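Heads up: the structure comes next, in structure tokens.
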Amino acid sequence: MDRFQALIDADLRIEPHDDLPEAYRETLIRQIAQHAHSELIGMQPEGNWLTRAPSLRRKAILLAKVQDEAGHALYLYGAAETLGIDRDEMIDRLHRGTQKYSTIFNYPTLTWADVGAIAWLVDGAAIVNQIPLCRCSYGPYARAMVRVCKEESFHQRQGVELLLALMNGTPAQKAMAQDALDRWWWPTLMMFGPPDDDSPRSAQSMKWRIKRMSNDELRQRFVDITAPQAVVLGLRIPDSLLQWNEARGHYDFGPVDWGEFARVVSGDGPCNRRRIAIRTAAHEDGQWVRDASAAYATKHGPT
Amino acid sequence: MITALVVEYVAALADRALVLSHRLTECLTHAPEIEEEVALANIALDLLGQARVLYARGGELEGMGRTEDDFAYWRTDQEFRSPLLVEEPNGDFAHVMMRQFLHDAWAIELWTSLRGSCDETVAGVAAKAVNETAYHLRHSSAWVRRLGDGTDESHARLQTALDGLWWLTGELFEVLASDRQAVAAGIGINPESLRQGWLSRVGSVLSEAGLTIPTVSYMATGGRSGSHSEALSRMLAEMQSVARAHPGAAW
């Protein structure tokens, strides 16, 4: 354990063969699994529009993006497995509700513009969250984040490009884009987690250098990056208190509804039940397939 | 000579790829494993890529300014020339993989032949699609073997899928007027010429999987001439809904 603390203090990476304190291991499992689950569940709101994408080019882009998300889930589960928990166990915990995924995916995608809003805002927020994680103290997670961030950055740019096309389009397309921003803005700000004075685990995660920036710092950084992008897009962020504060060198913004956040975290968001129902149905419907694969592998060796 | 039927031939190659791609897309978030989510999306993306280039080429050959999206979003099901096999609604995973396997074993023969097309775009798509389809076929064949020789349940499900799909395969080899004109123009191939290669590929994998090819009294027909099952108009209604709600909009 002295070696563990020495590695942390020297800002070096912890690797799977190092001795880890149990609490560090559990914290990482919870965080990486939550991240993997978010990629997996996050396929649903976007998948909702895959069959209705309004051009073949958009359909191809969205398909590639959803494929990337499945890929991210795979290597995040892989990173978590280096901590001695297997994927089946994590998936089971997701289904039983004892591990979470990001609250953002419990909101519905109601129009095509939501596909753009998710890529711009949700992937944008994910990037802000994940860039510091590329320097996380746990090696396998940090390395997974480097690749994930590259792909997320592409996702985010195509979202901006999608919204730009709408904003250069018909009045109905512009209205669709604004409506999407109106619905996704506040839930996106909740993605960074509760305010610092109400985030019980943050301090320890900072000490372990799993986390490098606080929830509120990350939220502020996101608002600072995104507010000028909204101006370029010609969209209005639904916050009357949003304005540049010269003295702080940051945007001020209005209060987040943490009551809503708590409600969605605890299972009463608009789509929590449906997201988990679809996931568990896929899992249960696939049981005979996985059984067949296992039986075949027993007879013929792994393929 | 480039006739309307030659354009139809090229667009039909795209129709098949698009319709099957769409069906695979419908499976996403419902695959039995996450690896399979990646694989299904990947195959759907390859097929979609083939369709896009071929629609664009069909539009060029026609010379009326039709784009890939005009073909995909602004035609009715009766204007689609895809075979009935690919529009079959998704059943269980055995059904999805058997449909894919029967298709892939045919598509590899098709693309291998079409590499010799005198149309550079069609030949180019074929050259790329041969490699893509070799991977798709390896994937679907592996699942046919695995499910066929997995458990009693998987074997029974796969046999049921084969029994339900087999009568839709005859149409793949019918020679239509568009085929004859495409052959005459040097652009296309005779579908009948694919039959032996397909049968031999399909026969050997199905036999390894312990499956029995059903005896059918009739082979369904019509999709390639625009007489589809009830399923295609429903599929297109969903696919075209946003585009058609905003006529003239760019995306």
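The values are calculated or read from the model by the stated rules, or taken from the named source; none is laboratory data. It should be emphasised that the depicted structure is a prediction, and the values quoted were computed from it without experimental measurement. In this analysis, Cβ positions are derived from the backbone assuming ideal geometry, glycine residues included, and neighbour counts consider all displayed protein chains.
So which residues in segment A:153-172 are facing chain B (nearest Cβ under 8 Å) and either more than 14 Å from A:L233 (Cα to Cα) or polar (S, T, N, Q) (or both), if there are any at all? Within segment A:153-172, A:N168, A:T170, A:A172 meet the criteria.
Just wondering, is there one or more residues in segment B:81-95 that are over 23 Å from B:L236 (Cβ atoms) and in a helix (DSSP H, G or I)? Checked against the condition, which is being over 23 Å from B:L236 (Cβ atoms) and in a helix (DSSP H, G or I), segment B:81-95 yields at least one hit. Annotation: of all residues in segment A:41-58 being part of a helix (DSSP H, G or I) and more than 7 Å from chain B (Cβ to nearest Cβ), the one that is farthest from the chain's Cα centre (by Cα) is A:R57. Please tell me if A:L62 is within 11 Å of chain B (Cβ to nearest Cβ), in contact with a Gly (Cβ under 9 Å, 6 or more places away or on another chain) and not aromatic (F, W, Y). Here the answer is yes, as A:L62 does meet what is asked.
Can you work out which of the residues in segment B:55-80 that are outside any helix (DSSP H, G or I) and either closer than 18 Å to B:A185 by Cα or among the charged types (D, E, K, R) (or both) is farthest from the other protein chains (Cβ to nearest Cβ)? Please lay out each step first, then the result.
Here is the first cut: in segment B:55-80, the ones outside any helix (DSSP H, G or I) are B:63-67, B:74-76, B:80.
In the following step, the residues that additionally are either closer than 18 Å to B:A185 by Cα or among the charged types (D, E, K, R) (or both) were identified as B:63, B:66, B:75.
Numbers: B:G63: 20, B:R66: 13, B:R75: 13 Å.
So, considering only residues that are outside any helix (DSSP H, G or I) and either closer than 18 Å to B:A185 by Cα or among the charged types (D, E, K, R) (or both), the one farthest from the other protein chains (Cβ to nearest Cβ) is B:G63.
Of all the numbered requirements in (1) in contact (Cβ under 8 Å) with a residue 24 or more places away in the chain; (2) under 29 Å from A:R273 (Cβ atoms); (3) within 14 Å of chain B (Cβ to nearest Cβ); (4) part of a helix (DSSP H, G or I), A:D88 misses one, and that requirement is (1).
With respect to (1) surrounded by fewer than 22 Cβ atoms within 10 Å (Cβ to Cβ); (2) within 14 Å of chain B (Cβ to nearest Cβ), the lone exception for A:W112 is condition (1).
Specify which of the listed residues (B:L199, B:L211, B:L194) is of a type in the set (A, V, I, L, M) and over 20 Å from the mean Cα position of the chain (by Cα).
The unique qualifying residue is B:L211.
When segment A:214-238 is filtered for residues that are under 16 Å from A:G116 (Cα atoms), in contact with a Phe, Trp or Tyr (Cβ under 9 Å, 6 or more places away or on another chain) and not hydrophobic (A, V, I, L, M, F, W, C), the ones remaining, listed by number, are A:T226, A:Q229.
Scanning segment A:112-142 for residues that are under 19 Å from A:R157 (Cα atoms) and more than 10 Å from the chain's Cα centre (by Cα) yields A:W112, A:A113, A:D114, A:V115, A:G116, A:A117, A:I118, A:A119, A:W120, A:L121, A:V128, A:I131. Filtering segment B:22-34 to residues that are within 8 Å of chain A (Cβ to nearest Cβ), touching a helix residue (DSSP H, G or I) at 6+ places or on another chain (Cβ under 7 Å) and at negative phi leaves B:H22, B:T25, B:L28, B:H30, B:A31, B:P32, B:E33, B:I34. With respect to the conditions (1) within 14 Å of chain B (Cβ to nearest Cβ); (2) surrounded by fewer than 22 Cβ atoms within 10 Å (Cβ to Cβ); (3) small (G, A, S), A:A203 lacks only one, and its number is (1).
Every residue, every condition in (1) in a helix (DSSP H, G or I); (2) out of contact with any Cys (no Cβ under 8 Å at 6 or more places or on another chain); (3) within 14 Å of chain A (Cβ to nearest Cβ), yes or no:
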site	(1), (2), (3)
B:V130	yes, yes, no
B:Y135	yes, yes, no
B:V144	yes, yes, yes
B:L165	yes, yes, no
B:I187	no, no, no
B:L194	yes, yes, no
B:W198	yes, yes, no
B:V202	yes, yes, no
B:T212	no, yes, no
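Within segment A:25-39, does at least one residue satisfy the condition of being assigned to a loop (DSSP other than H, G, I, E, B), among the charged types (D, E, K, R) and away from every other protein chain (no Cβ under 13 Å)? Scanning segment A:25-39, I find no residue that is assigned to a loop (DSSP other than H, G, I, E, B), among the charged types (D, E, K, R) and away from every other protein chain (no Cβ under 13 Å), so the answer is no. Selection of segment A:268-290 for residues being within 12 Å of chain B (Cβ to nearest Cβ), of a type outside the set (V, I, T) and more than 11 Å from B:P32 (Cβ to Cβ) yields A:R274, A:R275, A:A277, A:R279, A:A281.
Just one of the numbered conditions (1) closer than 30 Å to A:D88 by Cβ; (2) in contact with a Ser or Thr (Cβ under 6 Å, 6 or more places away or on another chain) is not true of B:N42: (2). A single member of B:A249, B:A161, B:A142 is under 30 Å from A:W288 (Cβ atoms) and free of Cβ contacts under 8 Å to residues at least 24 places away in the same chain, and it is B:A142. Residues in segment A:91-109 that are away from every other protein chain (no Cβ under 14 Å) and either part of a loop (DSSP other than H, G, I, E, B) or modelled with pLDDT under 95 (or both): A:G97, A:T98, A:Q99, A:K100, A:S102, A:Y107, A:P108.
Filtering segment A:13-42 to residues that are surrounded by fewer than 14 Cβ atoms within 10 Å (Cβ to Cβ) and touching a residue at least 60 places away in the same chain (Cβ under 8 Å) leaves A:E15, A:P16, A:A23. On the given criteria, is A:A177 of a type in the set (G, A, S), out of contact with any Cys (no Cβ under 7 Å at 6 or more places or on another chain) and buried (at least 22 other Cβ atoms within 10 Å of the Cβ)? So A:A177 fits the description; yes.
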